[in-house]
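A.B. asks: A single structure is presented below for examination.
The values are calculated or read from the model by the stated rules, or taken from the named source; none is laboratory data. Please read all numbers here as calculations on a predicted model, not as lab measurements. We place every Cβ from the backbone using ideal geometry, glycine too, and count neighbours over all the protein chains shown. The protein model used for the area step is the full one, side chains on, heavy atoms only, and it has no ligands, DNA or RNA in it. Shrake-Rupley method; radii C 1.70, N 1.55, O 1.52, S 1.80 Å.
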Amino acid sequence: MTEKEQIIEILTDINPDIDYENETALIDGGLLDSFDIVTLVGELNDAFDITITVVDLVPENFNSADAMAALVLRLRD
Amino acid sequence: MSFLSFEFVVLFAATLLLYYILPRKAQPYVLLAASIVFYLFAGPKYIIYLAASTVVTYFAALLAYKNSKKFSSAAPELKKTLPADEYKRLARQSERRGKLLVGAALAVDLGILIAVKYLDFLVGNVVSLFGGKFPGLGLLLPLGLSYYTFAAVGYIVDVDRGKYAPERNFFRFALYMTYFPQMLQGPIPRFDKTGPQFSVGHKFSYDEFTDGLRLILWGAFKMLVIASAAAPAVAYITGNVLIAPNAAELIAAPGSPYAAFHEIGGAQLWLGMTAWGIQLYTNFSGGIDIAEGISECFGIRLAENFRRPYFATDLTDYWNRWHISLSDWLKDYVFYPMALSKRFARFSKFLKKKFGKFIAKTVPVSILSLILFTLVGIWHGANWGEILFGVFNGVIIMISTLCEPLFVKIRKPLKMDSLVVWRIFRSLRTFVLITLTRVISRAPSVSYAWKYYGKMFASPRFDLLSKQISDEGGLAAVLVSYIPLFLGLAALFTVSMLEENSKEHSVRALLQDRTVLRVVLEVLLVVAIAVIGTYGIGYDAAQFIYTQY
């Protein structure tokens, strides 16, 4: 399973009604709120053994599953 | 100095002239000088607090940054040459030095805020616990204290987090702290958004300039026509009101000290509090429109502060649309740091293990949102009414978060989310909820607020409403006197609907190529402000309600 697929699985668990494969405005479009972000960050930290900090919490890192996958890869390095 | 005063118009015009005729390099200095003049008008002695925050924050950020740069540039060499323990000790020492500098700046910035805004309240409450009475220091609130303190705290924390490098030019940093359009009531600035705009030269742009003037006009319309037309209804419930059970008797008694008072019933309170919601929104957002318009005339964009809050479908949505710069600030510097902390992660994991996913997801964030909204209340003022206003909002949001799965189970099979009626109902429900939470901050005291709630739910007293209407000349006369309010609200509603439903969420974009319509609307706004903009005796329509925070 790729990072993106894993991320989509986590996101679907948080809110199943969104097309994560194609959506590119998860934050800017208000689809994920601050509560969802907190849950998401906890899950991503656990799943990929990374530490997402407050500085990483910018819309560009969370607007799409691809952006999140890129963040995960960056933090793993 | 109000934005809607003669002195300000002179200052604004002179600043604009110098801003565009002097070399572009001088622009930040022109704005800084204008900001200092603007601030001095509020009272010369208050500038000392602002100066202290500016100087301390500027130097602390710069020194903390240099300290961290010095270590990180030497780190690779040190790692190679020093034993691991020694390297770790030096790293810890450098980190401690940085934290000390940042901590000292935060202590000064927040220390001033706490001492000036909250000390009387804190000491007063502690002393009263022991049965004493504290007269209070009665320090007057310096102009823009909460706004520039939050600007300073955001800046130093961001530099510490490595989000951006500190500003080296002291004058440009001082401008970020003192920039006059945002000094009266925000929006709370962020350095990475406004700072760079001060560093580039701005060429005069006719479009930008007229856009700015149009925003000023729209803001003035909201404040001088709508907010001031709603004010008498608000004043009635916050004026000389008596709510004792035998109020009528006390008021009517010969030689009564309450002769000038009146009784109030639940129906009047509902109407009055609705009017307060209208007045507060149009005054605050109108003032922000004016601030943004003024700034746009200099080619500088301020942060967005409102996104049609009364169209919100729930309280969380409302707070994402109301005073956005405050909500975002609290999210970035209070909510997320706590939510992403190790302690919080451990707490979530513990809950997940013991009670399952749902509890682990909702309980910790609900607790955090309660803390966050208590802070929103505290930010609004050092009194129990404002604090409880924040707590009420937090509790409602907490309950709705915990009950959301149940609500979804009801809504989904009925396909309610796609119904327009349901959408309208949700907005109305949110307005009613926020109106109810505002009762506690608007009532003369907390004990009055409880009685107001009792009246709103159990004692409408339509007889008192009828009496008030007949005292004011009958229903027809009352309705005629509120025509400016109805017209203003119709205009505001139309603009808000267009913004909400347009792709760009902006009327500006809709009017871009429609010159005739734009000019007609501008003339109408000017006429409306001149003819129906009211300036009632004892009510200063040009006053910004949110300046007091």
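A.B. asks: Cβ-Cβ below 9 Å, separation at least six or inter-chain, first residue in segment B:366-386 and within 18 Å of A:Asp33 (Cβ to Cβ), second of a type outside the set (Ser, Thr, Tyr) and outside any helix (DSSP H, G or I): which pairs?
C.D. replies: Note: pairs meeting the criteria are B:Val376/B:His323.
A.B. asks: Further question on the same structure: Please enumerate the residues belonging to segment B:406-428 that are farther than 30 Å from B:Ala443 by Cα and under 31 Å from the mean Cα position of the chain (by Cα).
C.D. replies: Within segment B:406-428, B:Phe407, B:Asp417, B:Val420, B:Val421, B:Trp422, B:Arg423 qualify.
A.B. asks: In segment B:435-464, how many residues are touching a helix residue (DSSP H, G or I) at 6+ places or on another chain (Cβ under 8 Å) and either among the polar types (S, T, N, Q) or over 21 Å from B:Ile264 (Cα atoms) (or both)?
C.D. replies: Residues in segment B:435-464 being touching a helix residue (DSSP H, G or I) at 6+ places or on another chain (Cβ under 8 Å) and either among the polar types (S, T, N, Q) or over 21 Å from B:Ile264 (Cα atoms) (or both): 5 in total.
A.B. asks: State which residue pairs qualify: first residue within 14 Å of chain A (Cβ to nearest Cβ) and inside segment B:159-170, second residue assigned to a loop (DSSP other than H, G, I, E, B) and open to solvent by less than 50 Å² (accessible area, probe 1.4 Å) in any location, beta carbons under 7 Å apart, and separation of 6 or more residues or different chains.
C.D. replies: Once the first residue is within 14 Å of chain A (Cβ to nearest Cβ) and sits in segment B:159-170, its partners that are assigned to a loop (DSSP other than H, G, I, E, B) and open to solvent by less than 50 Å² (accessible area, probe 1.4 Å) give B:Val159/B:Pro166.
A.B. asks: What residue, of B:Phe130, B:Phe171, is surrounded by fewer than 17 Cβ atoms within 10 Å (Cβ to Cβ), aromatic (Phe, Trp, Tyr), over 18 Å from the mean Cα position of the chain (by Cα) and farther than 25 Å from B:Lys66 by Cβ?
C.D. replies: B:Phe130
A.B. asks: Take segment B:217-253 and flag every residue that is in contact with a Phe, Trp or Tyr (Cβ under 6 Å, 6 or more places away or on another chain) and either of a type in the set (Lys, Arg) or open to solvent by 40 Å² or more (accessible area, probe 1.4 Å) (or both). Reasoning before the result, please.
C.D. replies: Here is the first cut: in segment B:217-253, the residues in contact with a Phe, Trp or Tyr (Cβ under 6 Å, 6 or more places away or on another chain) are B:231, B:234, B:240, B:242, B:250-251.
If the condition is that a residue be in contact with a Phe, Trp or Tyr (Cβ under 6 Å, 6 or more places away or on another chain) and either of a type in the set (Lys, Arg) or open to solvent by 40 Å² or more (accessible area, probe 1.4 Å) (or both), then B:Asn240, B:Leu250 are the ones that fit.
A.B. asks: Shifting gears a bit: Please identify the pairs in which a residue from segment B:410-428 that is more than 20 Å from B:Arg308 (Cα to Cα) has its Cβ atom under 6 Å from the Cβ atom of a residue that is surrounded by 10 or more Cβ atoms within 10 Å (Cβ to Cβ) and modelled with pLDDT of 85 or more, counting only partners at least 6 apart or on another chain.
C.D. replies: Final answer for the pair search is B:Met416/B:Trp422.
A.B. asks: Evaluate segment A:7-14: report whether one residue or more is part of a loop (DSSP other than H, G, I, E, B) and out of contact with any His (no Cβ under 8 Å at 6 or more places or on another chain).
C.D. replies: Within segment A:7-14, not a single residue is part of a loop (DSSP other than H, G, I, E, B) and out of contact with any His (no Cβ under 8 Å at 6 or more places or on another chain).
A.B. asks: Identify the residue in segment B:407-428 that is open to solvent by less than 50 Å² (accessible area, probe 1.4 Å) and at pLDDT 90 or above and, among all such residues, is nearest to B:Ile114 (Cα to Cα).
C.D. replies: B:Ser427
A.B. asks: Among helices (runs of 4 or more DSSP H) lying entirely in segment B:330-406, which contain 3 or more residues that are more than 10 Å from chain A (Cβ to nearest Cβ) and surrounded by fewer than 17 Cβ atoms within 10 Å (Cβ to Cβ)?
C.D. replies: B:342-355, B:357-380
A.B. asks: While we're here: Restricting to segment B:296-329, name every residue that is touching an Asp or Glu at 6+ places or on another chain (Cβ under 7 Å), away from chain A (no Cβ under 14 Å) and surrounded by fewer than 20 Cβ atoms within 10 Å (Cβ to Cβ).
C.D. replies: Across segment B:296-329, the qualifying residue is only B:Gly299.
A.B. asks: Report the residue count in segment B:7-34 for those that are open to solvent by less than 80 Å² (accessible area, probe 1.4 Å), touching a Gly at 6+ places or on another chain (Cβ under 9 Å) and outside any helix (DSSP H, G or I).
C.D. replies: 0
A.B. asks: Sticking with this structure for a sec: Quick check on my filter: what residues within segment B:198-216 are in a helix (DSSP H, G or I), under 13 Å from B:Cys297 (Cα atoms) and open to solvent by less than 40 Å² (accessible area, probe 1.4 Å)?
C.D. replies: Matches in segment B:198-216: B:Thr210, B:Asp211, B:Gly212, B:Leu215, B:Ile216.
A.B. asks: Determine, yes or no, whether A:Thr39 is in a helix (DSSP H, G or I), closer than 28 Å to B:Val408 by Cα, modelled with pLDDT under 90 and among the β-branched types (Val, Ile, Thr).
C.D. replies: Yes: the conditions hold for A:Thr39.
A.B. asks: Among the residues of segment B:24-42, write down those that are more than 21 Å from B:Phe150 (Cα to Cα) and in contact (Cβ under 8 Å) with a residue 60 or more places away in the chain.
C.D. replies: The answer is B:Arg24, B:Lys25, B:Gln27, B:Pro28, B:Tyr29, B:Ala34.
A.B. asks: Can you find a residue in segment B:347-362 that is in contact (Cβ under 8 Å) with a residue 12 or more places away in the chain and under 29 Å from B:Ser146 (Cα atoms)?
C.D. replies: no
A.B. asks: A follow-up question, please. Output the residues belonging to segment B:468-501 that are under 23 Å from the mean Cα position of the chain (by Cα) and open to solvent by less than 70 Å² (accessible area, probe 1.4 Å).
C.D. replies: Residues of segment B:468-501 that are under 23 Å from the mean Cα position of the chain (by Cα), as a first pass: B:488-489, B:492-493, B:495-497, B:499-500.
Within segment B:468-501, B:Gly488, B:Leu489, B:Leu492, B:Val495, B:Ser496, B:Glu499, B:Glu500 qualify.
A.B. asks: Given the structure, is A:Glu5 buried (at least 17 other Cβ atoms within 10 Å of the Cβ) and either within 14 Å of chain B (Cβ to nearest Cβ) or free of Cβ contacts under 8 Å to residues at least 60 places away in the same chain (or both)?
C.D. replies: It is false that A:Glu5 is buried (at least 17 other Cβ atoms within 10 Å of the Cβ) and either within 14 Å of chain B (Cβ to nearest Cβ) or free of Cβ contacts under 8 Å to residues at least 60 places away in the same chain (or both).
A.B. asks: Here's something else I'd like to know. For residues that are closer than 26 Å to B:Leu351 by Cβ and facing chain B (nearest Cβ under 9 Å), scanning just segment A:9-35, find the one that is surrounded by the most Cβ atoms within 10 Å (Cβ to Cβ).
C.D. replies: Once the filter is applied, the top-ranked residue is A:Phe35.
A.B. asks: Any idea how many residues of segment A:46-55 are within 19 Å of B:Arg161 (Cα to Cα) and either within 11 Å of the chain's Cα centre (by Cα) or assigned to a loop (DSSP other than H, G, I, E, B) (or both)?
C.D. replies: Residues in segment A:46-55 being within 19 Å of B:Arg161 (Cα to Cα) and either within 11 Å of the chain's Cα centre (by Cα) or assigned to a loop (DSSP other than H, G, I, E, B) (or both): 4 in total.
A.B. asks: Against the conditions (1) free of Cβ contacts under 8 Å to residues at least 40 places away in the same chain; (2) open to solvent by 60 Å² or more (accessible area, probe 1.4 Å), where does B:Leu141 fall short? Just the number, please.
C.D. replies: For B:Leu141, the exception is condition (1).
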